[in-house]
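These notes are about the structure you will find just below.
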């Protein structure tokens, strides 16, 4: 039952956010705090 | 992390992922949060409000992208949905509205069911910043939602993995006919136990996330949320302030029925309900 919630439209993130810029050569460190290792984004998406 | 890769961030190149899991012991989030500060994480992505609150407790500047936060404004994590204003943004979930929909679908699938149990984690909600009064209000809203569908709702608290035995015994003694599991860190850690319990006791079970071995699931598309979260992360790594990025609510939901499991329990799901499902597992 895929549906669009019209009432949520005002909350939609602006897609015209300023351009993202990466710093060349920089290593970015992202922490992930999850429920269980068997339900991680890696499990779901890779 | 596939979505981050598509956005130009890949492990082994310009990205290091530091993942930590509570495995049912949400008190571990405090240590994990402190560790994130120590290792100077650029951003923390969390799957739940308890973890997000733990990060906020140790740093008021570390950017946080989160999913599955029922009401970040009510919890004091953000000033508003449109302009969070602080260090946190991401995707909230629908809270009681979601549970209402789950109950409604359960009723449609199993019209004779009138006694349903909801297993939540009040301690998790308190840890996210809501008050005891908020918890009571949420529980009352949930009970009212069930009543409006002609159901009696039994609400059981599983605040720690050690509560499982008492909760499962209560489910049987109170003759619950179906079960709704809240998306909590504790229930996630108990997933296999709940799955085995539901099967042994022929208890139709509804969860939010599909693919967890339960008969029904209804909730936002997890893959969609992770994809959106990756976009938030990329924007913040690229210089955007989390407080400037509106908090979204999910817009795409999926209803999945494990018909094979229903048949094994001798249950017949009405065709009209099967047609409402996005996916029917045969």
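None of the figures in this text is laboratory data; all of them are computed from the coordinates on show. Nothing here was measured: the structure is a model prediction, and the numbers come from that model. Because the Cβ atoms are built from the backbone with ideal geometry, glycine has one as well, and the counts that use them run over all protein chains shown.
Net length available on complete extension from residue B:174 to residue B:14 is 52.2 nm, with 0.36 nm assigned per residue and the Cα-Cα distance removed.
Can you give the relative contact order of region B:153-212 as a percent, counting alpha carbon pairs under 8 Å and 6+ residues apart?
Details: 42 pairs, mean separation 21.5, N = 60.
RCO, region B:153-212: 36 percent.
Between helix B:164-173 and chain B there is an angle of about 30 degrees, using the helix long axis and the longest principal axis of the Cα atoms. The modelled label-to-label distance between residue A:27 and residue B:73, using points 7 Å beyond Cα along the C-beta direction, is 4.1 nm.
Descending by average beta-carbon neighbour count within 10 Å, the peptides B:262-273, B:128-139 line up as B:128-139, B:262-273, the highest first. In this simple spin-label model, placing a label point 7 Å from the Cα along the Cα-to-Cβ direction at both residue B:202 and residue B:272 gives a separation of 2.6 nm.
Take every Cα pair under 8 Å in region B:49-202 that's 6+ residues apart, average their separations, divide by the length, and report that relative contact order as a whole percent.
Numbers: 197 pairs, mean separation 36.3, N = 154.
It comes to 24 percent, rounded to a whole number.
Peptides B:252-258, B:163-169, B:27-33, B:179-185, ordered by how many other C-beta atoms sit within 10 Å of their residues on average, highest first, read B:179-185, B:252-258, B:27-33, B:163-169.
Using 20 Å as the cut-off for backbone N distance, which residues of region B:19-61 belong to the label zone defined by a point 7 Å from the Cα of residue B:97 along Cα→Cβ? Residues passing the 20 Å test: B:48-49.
How far is helix B:49-58 tilted off the main Cα axis of chain B, in degrees rounded to 10, range 0 to 90? It works out to around 30 degrees.
State the volume of the convex hull built on the alpha-carbon positions of chain B, expressed per residue in Å³ and rounded to an integer.
On the way: hull volume 36.7 nm³, N = 282.
Value for chain B: 130 Å³ per residue.
Beta-bridge orientation, the protein assembly as shown: approximately 10 percent antiparallel, per DSSP, counting only bridges with both partners inside.
Given a Förster radius of 22 Å and the C-beta distance between residue B:148 and residue B:259 as r, what FRET efficiency does 1/(1 + (r/R0)^6) yield to the nearest 0.05?
Details: r = 27 Å, r/R0 = 1.25.
Calculated transfer efficiency: 0.20.
Angle of helix B:132-148 to the longest C-alpha principal axis of chain B, folded into 0 to 90 degrees and rounded to 10: 40°.
Shown is the FRET efficiency for residue B:126 and residue B:2, computed with R0 = 35 Å from the Cβ-Cβ distance and rounded to the nearest 0.05: 0.50.
So what is the 222 nm mean residue ellipticity for the protein assembly as shown from helices alone, if each DSSP H run of at least 4 adds -39500 (n - 2.57) and you divide by all residues, rounding to the nearest 500 deg cm²/dmol?
On the way: 13 runs with 119 residues, N = 328.
About -10500 deg cm²/dmol.
Figure legend: label point modelled 7 angstrom from the Cα of residue B:137 along Cα→Cβ; residues of region B:43-70 with amide N under 17 Å from it are B:70. Inter-chain neighbour count for B:47-56: the average number of beta-carbon atoms from partner chains within 10 Å of each residue's beta-carbon is 2. When only alpha carbons are used to place a centre, region B:1-54 and region B:153-232 end up 24 Å from one another. Once C-alpha pairs closer than 8 Å and six or more residues apart are averaged by separation and normalised to the residue number of chain B, the relative contact order reads 22 percent.
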